[in-house]
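Quick note: the coordinates plus some simple rules give every number you see, no bench work behind them. None of the values given here were measured: they were computed from a predicted structure. Don't worry about glycine lacking a Cβ; one is built from the backbone with ideal geometry, like all the others, and counts go over all protein chains shown.
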Amino acid sequence: MAQAPPIPTSTEPKQSLTERIRSENKIPDDLKSLPKPKPVPRGREVVTLLGKNAHEAWVDSLDIVTFVGRAANATFFAIVRPRYLKLAAISRQVADTGINALPIVGLLAVMIAIVIAYQGVVQLRPYGGEDLTVNLVSVSVLREMAVLITAIIVAGRSGSAFAAEIGVMKVREEVDALKVMGLDPMEMLVVPRIIGLVITLPLLTFFADVMGLIGGAAISQFLLHISPSQYIDRVHQAVDVKDLLVGLVKAPVFAFIIAMIGCMHGLRVSGSAESVGRETTRAVVKAIFIVISLDALFSIFFEKVGW
Amino acid sequence: MKAKAQASTKGEPILSARGIVNAFGKQKVHDGIDFEVRRGEIIGIAGGSGSGKTVLLKTLTGLHTPNKGKVLVEGKPVESIDDAQKAALIGVLFQQGALFSSLSVAQNVMLPMRLHTDLEDEEQEKLAAMKLALAGLETDTGIKFPGELSGGMVKRAALARALALDPRILFLDEPTSGLDPITAGGIDELILKLNQDLGVTFILITHDLNTLFTVCDRVAILVDHKITVDTLDNLMRSNQPWIHDLLHGPRAPNKKGHSHGS
């Protein structure tokens, strides 16, 4: 048997260490202090951090490219071989990401229309062009605002949900369990979410278009005394089907980006609950960043092709 | 017990690890791990906290690709086995069960069947009920969700799922941790029963000395990035300090209480 070390016995009256230090006013010699971390020069710290972050950014972009490839491949595969399509999972995603988001998307679309209309009226009044507010509202809502606001809300609502759901599954080893059962997490977890959101976001965008125009109608009545039937006429003159389409074609692209980034960060979670929070935050920030950057590129593109 | 003693001496290797090296950054976890698991035996993997038991399990099941070395299951490299075959060959009970929380217990058990077999729904349900019974759960548990189960029941349900496709090898990651001694004893009995009745090969990671002493034919101990595999009787005589402390320490069961390998 391994002998346990004997417990030291003492005949001294029991006195706590704190009391001893207080009464003798010095630290006993047999007490060792904690090792202090080596101070790093400020300048070097900055350089190290810079290098670290640059490396991380590089690894990150490689990860995104790889994941886009794998996710696109898996999604394409699922669509051409419908046996692998998880219809139940997709419909659950559509319900979660779409139907439940209707109230907030609708409300915000109305708000945005009101904001634009107010600015339009104030800015255009000196030139006597306040009637053009209707054009301003309808064009900006259909082409840009509806899809952008919808994408941002969905990134916040569903992108974060994807990252957190998959992240917790990762922590609880459920992702490993899938793999060990011979099921591809890509096919089981990522593809239904991507397809679900690609179906949902254009529909939500269309809903936001409608709500934005209704908001515009209400504010026109209130500020410019344009009746709803006049408003419809004006909108008819101001916009074209292609304005609606410019907004709607962006939606599936944004949906793919949001779903993909959410799932990617979810699968990157490792170990702790803290990691779930960190990856969720990153997923949302990155998705919104990429959506807005892409929207800028789209604007340039559509301007160049003359749409 | 007699059948088990036979199994520990006979049986060709069903799984072998050759020269496994795993490192995370500069930190080396495994440095050249070689061992074989024979068909029909129960092998326990023990080792201190942070000695890389779970990483070893993930390497053996193909979830983690080692930096060096390879794992052969039934003579084939584990990464080359296709999904459906692998699911039929290997079952894993994860430390926290890893049941899918959005599915009921029965649906969890049926999931591998649904995706890898073409059984009718009714047949799947019957099979699932049978697997649950095999794992020692009431059939009523099938309609419950993982969140409603106690720790011991989660382990049993996860075991039922691991058994779904009648795997030849079952990996158990700390099957008795966090369970009260009576429930843990029940799990031990279950392992022995499945091993004797179905001839399943077990590889179990455990800290639980009782489990090591009562169910394992051989024990693999991870110390200093290497592995030592032997029967308990031989390991009891080992001079390696960690192994000696583990098997002779204050928590080791009374040696007379076991009659293993004799």
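Which of the residues spanning the range A:223-242 are basic (Lys, Arg) and over 18 Å from A:Glu130 (Cβ atoms)?
A:Lys242, the sole residue that qualifies.
Given the structure, is A:Arg268 among the basic types (Lys, Arg), out of contact with any Gly (no Cβ under 6 Å at 6 or more places or on another chain) and within 14 Å of chain B (Cβ to nearest Cβ)?
Judged against the criteria, A:Arg268 is not a match.
Could you grab me the full set of residues in the range A:172-187 that are facing chain B (nearest Cβ under 9 Å) and either assigned to a helix (DSSP H, G or I) or aliphatic (A, V, I, L, M) (or both)?
A:Glu174, A:Val175, A:Asp176, A:Ala177, A:Leu178, A:Lys179, A:Val180, A:Met181, A:Leu183
Looking at (1) part of a helix (DSSP H, G or I); (2) surrounded by fewer than 18 Cβ atoms within 10 Å (Cβ to Cβ), can you tell me which one B:Asp118 breaks?
(1) is the only condition that B:Asp118 fails.
What is the residue count in the range B:82-116 for residues that are within 9 Å of chain A (Cβ to nearest Cβ) and either among the β-branched types (Val, Ile, Thr) or touching a residue at least 60 places away in the same chain (Cβ under 8 Å) (or both)?
10
Which members of the range B:63-81 meet the condition of being farther than 30 Å from B:Gln240 by Cα and free of Cβ contacts under 8 Å to residues at least 60 places away in the same chain?
B:Leu63, B:Gly75, B:Lys76, B:Pro77, B:Val78, B:Glu79, B:Ser80, B:Ile81
Looking only at the range A:214-245, filter to residues that are surrounded by fewer than 23 Cβ atoms within 10 Å (Cβ to Cβ) and touching a Ser or Thr at 6+ places or on another chain (Cβ under 7 Å); which one of those is nearest to A:Phe67 (Cα to Cα)?
Restricting to residues being surrounded by fewer than 23 Cβ atoms within 10 Å (Cβ to Cβ) and touching a Ser or Thr at 6+ places or on another chain (Cβ under 7 Å), the top hit is A:Val239.
Provide a single number: the residues in the range A:83-95 that are under 14 Å from A:Leu189 (Cβ atoms) and part of a helix (DSSP H, G or I).
Qualifying residue count, the range A:83-95: 6.
Does any residue of the range B:180-190 turn out to be more than 24 Å from B:Val55 (Cα to Cα), more than 14 Å from chain A (Cβ to nearest Cβ), charged (D, E, K, R) and over 20 Å from the mean Cα position of the chain (by Cα)? Lay out the reasoning, then the answer.
Step one: list which residues in the range B:180-190 are more than 24 Å from B:Val55 (Cα to Cα), which gives B:180-183, B:185-186, B:189-190.
Adding the requirement that they be more than 14 Å from chain A (Cβ to nearest Cβ) leaves B:180-183, B:185-186, B:189-190.
Filter once more, keeping what is charged (D, E, K, R): B:180, B:189.
Those still in the list that are over 20 Å from the mean Cα position of the chain (by Cα) too: none.
No, there is no match, as no residue in the range B:180-190 is more than 24 Å from B:Val55 (Cα to Cα), more than 14 Å from chain A (Cβ to nearest Cβ), charged (D, E, K, R) and over 20 Å from the mean Cα position of the chain (by Cα).
Of everything in the range B:38-51 that's in a loop (DSSP other than H, G, I, E, B) and at positive phi, which residue is nearest to the other protein chains (Cβ to nearest Cβ)?
Across the range B:38-51, the extreme among qualifying residues is B:Gly50.
Say whether the condition of being part of a strand (DSSP E or B), closer than 14 Å to B:Pro146 by Cβ and hydrophobic (A, V, I, L, M, F, W, C) is met by at least one residue in the range B:52-73.
no
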